[in-house]
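Enquirer: I'd like to ask some things about the structure below.
The values are calculated or read from the model by the stated rules, or taken from the named source; none is laboratory data. Model, not experiment: these values are computed from the prediction. Virtual Cβ from ideal backbone geometry, glycine too; neighbours counted across all protein chains shown. Only protein heavy atoms, including side chains, enter the accessible area calculation; ligands, DNA and RNA are left aside. Shrake-Rupley method; radii C 1.70, N 1.55, O 1.52, S 1.80 Å.
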Amino acid sequence: MKTRITELFGIEHPIIQGGMHYVGFAELASAVANAGGLGLITGLTQKTPELLAKEIARCRDMTDKPFGVNLTFLPTLTSVPYPEYIAAIVEGGIKIVETAGRSPQEHMPALKAAGIKVIHKCTSVRHSVKAQQIGCDAVSVDGFECGGHPGEDDMPNMILLPRAAEELKIPFVASGGMADARGLVAALAMGADGINMGTRFVATKEAPVHKNVKDAIVAATELDTRLVMRALRNTERVLINKGVEKLIEKERAKGAALKIEDIIEEVGGVYPKVMVEGQMDAGAWSCGMVVGLINDVPSVKELIDRIMNEADRLILERLAGLVGRPLGLAKSA
């Protein structure tokens, strides 16, 4: 399947593995790349630019296919040396960067000077248009269903994707609720050029996370995520657990007076406890509503091959059959 995204990034399939904290290591990024998708190392999971450089080198030993790095610009408790991280990306020969969070405008000159293609994650049409204006090569449009930060507009992909298609000239992928061929074909029908999957890739054999995390994703339903930190306008979709229940109780008690310090125990330093140690009740970790569609833990190649094969069947058999005429023949006026 060829789309503007496969052409832009030089990949075989229009499937991107989104950057995920304590998930996007070389093992997963290389597996996605080797299977024909675009794998991403999560830059800020590496605690220093030097460690990111080593992770990039480690990934190069695992694949000769294109892969990229995610760099997220979000409010943090400590200052992040972004120019040094970008230098490590450039020196590592990376040509694709997924940016997220705040606008990457400040860092675009350094990225573009190095010949890097930038895909920015956006949760609204207006932010997608702005990303296009500042020179981003593509956009990942994140609907309300997504794990992590869905923005504050609560706009689901059935509306958001067609609106993005109406406004954008650059290619974009659909993110949020994507797990299988049905999502891919639907996204293409609404104007997207591919899909970005996060939660679905966590439940794969190569994802370097604790077995408890994969088991929790498979066991969960579409009803098992919650939105937290809305009062801080830093909304995050997470999987429900005892730590999240405690967080929600604090939010109810504090109301509009909530401060990040009030919930730091439930949101700070959670990812190593969950992803590495398997402490599933440690606190809030990003997870999409798409858990309701995840029922197994395949290899990355098995997953991507399955999606692409089923997408072919959906398009060539079911959808073509519904219109009752050979593919490619338009209905006469």
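Enquirer: What number of residues within region 152-181 are assigned to a helix (DSSP H, G or I) and open to solvent by less than 10 Å² (accessible area, probe 1.4 Å)?
Expert: 5
Enquirer: I would also like to ask the following. Check off (1) touching an Asp or Glu at 6+ places or on another chain (Cβ under 8 Å); (2) surrounded by fewer than 21 Cβ atoms within 10 Å (Cβ to Cβ); (3) closer than 30 Å to Asp312 by Cβ for Lys95 and give me the number that stays unchecked.
Expert: So the condition that Lys95 fails would be (1).
Enquirer: Same structure again: Output the residue which, of all residues in region 1-31 that are among the small types (Gly, Ala, Ser) and under 19 Å from Asp142 (Cβ atoms), is nearest to the chain's Cα centre (by Cα).
Expert: Of everything passing the filter in region 1-31, Gly18 is nearest to the chain's Cα centre (by Cα).
Enquirer: Only residues that are closer than 15 Å to Val202 by Cβ and among the aliphatic types (A, V, I, L, M): list them for region 166-180, please.
Expert: Met178, Ala179
Enquirer: Out of everything in region 131-151 that is assigned to a loop (DSSP other than H, G, I, E, B) and of a type in the set (Gly, Ala, Ser), what residue ends up being farthest from the chain's Cα centre (by Cα)?
Expert: Gly135
Enquirer: How about region 185-283: which strands (runs of 3 or more DSSP E) wholly inside it have at least 2 residues that are in contact with a Lys or Arg (Cβ under 8 Å, 6 or more places away or on another chain)?
Expert: Correct list: 225-228, 236-239.
Enquirer: Something else about it: Only one of these is at pLDDT below 95 and closer than 17 Å to Gly198 by Cα: Gly37, Gly43, Gly101. Name it.
Expert: Answer to the check: Gly101.
Enquirer: Which numbered condition in (1) surrounded by fewer than 17 Cβ atoms within 10 Å (Cβ to Cβ); (2) closer than 23 Å to His149 by Cα is the only one that Leu44 fails?
Expert: Looking at each condition in turn, Leu44 falls short on (1).
Enquirer: Checking Glu55 against (1) touching a strand residue (DSSP E or B) at 6+ places or on another chain (Cβ under 6 Å); (2) open to solvent by 30 Å² or more (accessible area, probe 1.4 Å); (3) over 19 Å from Asn196 (Cβ atoms), only one condition comes out false. Which one?
Expert: The number of the failed condition is (2).
Enquirer: Now for a different question. Applying the selection to region 252-263, what residues are open to solvent by less than 70 Å² (accessible area, probe 1.4 Å) and either more than 18 Å from Gly148 (Cβ to Cβ) or modelled with pLDDT under 95 (or both)? Walk me through it before giving the result.
Expert: Here is the first cut: in region 252-263, the residues open to solvent by less than 70 Å² (accessible area, probe 1.4 Å) are 255, 257-258, 260, 262-263.
Within region 252-263, Gly255, Ala257, Leu258, Ile260, Asp262 qualify.
Enquirer: Collect the residues in region 115-160 that are hydrophobic (A, V, I, L, M, F, W, C), in contact with a Phe, Trp or Tyr (Cβ under 9 Å, 6 or more places away or on another chain) and in contact (Cβ under 8 Å) with a residue 60 or more places away in the chain, keeping them in residue-number order.
Expert: Ile119, Ala138 - these are the residues of region 115-160 that are hydrophobic (A, V, I, L, M, F, W, C), in contact with a Phe, Trp or Tyr (Cβ under 9 Å, 6 or more places away or on another chain) and in contact (Cβ under 8 Å) with a residue 60 or more places away in the chain.
Table: residues versus (1) touching a Ser or Thr at 6+ places or on another chain (Cβ under 7 Å); (2) open to solvent by 10 Å² or more (accessible area, probe 1.4 Å).
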| site | (1), (2) |
| --- | --- |
| Ile5 | no, no |
| Glu12 | yes, yes |
| Ile15 | no, no |
| Gly19 | yes, yes |
| Glu27 | no, yes |
| Ser30 | yes, no |
| Asn34 | yes, yes |
| Gly39 | yes, no |
| Glu50 | no, yes |
